[in-house]
1. Could you give me the residue pairs with C-beta distances under 8 Å whose first residue belongs to segment 1-21 and is touching a residue at least 12 places away in the same chain (Cβ under 8 Å) and farther than 12 Å from Leu39 by Cα, whose second residue is polar (S, T, N, Q) and surrounded by 10 or more Cβ atoms within 10 Å (Cβ to Cβ) wherever it lies, and which are 6+ apart or on separate chains?
2. Being under 11 Å from the mean Cα position of the chain (by Cα) and not aliphatic (A, V, I, L, M) is the filter here, so list the residues in segment 13-33 that pass it.
3. Across segment 1-20, what is the number of residues that are assigned to a loop (DSSP other than H, G, I, E, B) and surrounded by 15 or more Cβ atoms within 10 Å (Cβ to Cβ)?
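None of the figures in this text is laboratory data; all of them are computed from the coordinates on show. Being a predicted model, the structure only gives us computed values, none of them experimental. Cβ coordinates were reconstructed from backbone atoms using ideal geometry, including for glycine residues, and neighbour counts include every protein chain displayed.
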Amino acid sequence: MADDAVPAEVIDLLQRSGAKGVLKVKCKVVEGKDTGKILVRNVIGPIKLGDFIMLKETEIEGAGGGRRR
C-alpha cells in the first residue's frame, strides 16, 4: 500500500450506478490528521458495511465548478 494512504471504514452504502457497478459509499476516516471525518467516495468492486478502504486524499471536493461570472 501507499505510505500516504489512510484507512477509512465503510459506514453506509448509498447508491449503485453506471455500467461498471460504481458504488457511492459513506466512510469514516480512522487514522491520520482527519480522524473522525466522514466522507462520500465512489468505489468500484465488491464492498460491504464494515469494510476498510484506503484513501489517498481526505479532502472534500468543492461543488462550485470553478468559473464565476
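1. Hits for this filter: Val6/Thr58.
2. Lys24, Lys26, Cys27, Lys28
3. Kept after step one, since they are assigned to a loop (DSSP other than H, G, I, E, B), are these residues of segment 1-20: 1-5, 18-20.
Narrowing further to those that are surrounded by 15 or more Cβ atoms within 10 Å (Cβ to Cβ): 5.
Here the count works out to 1.
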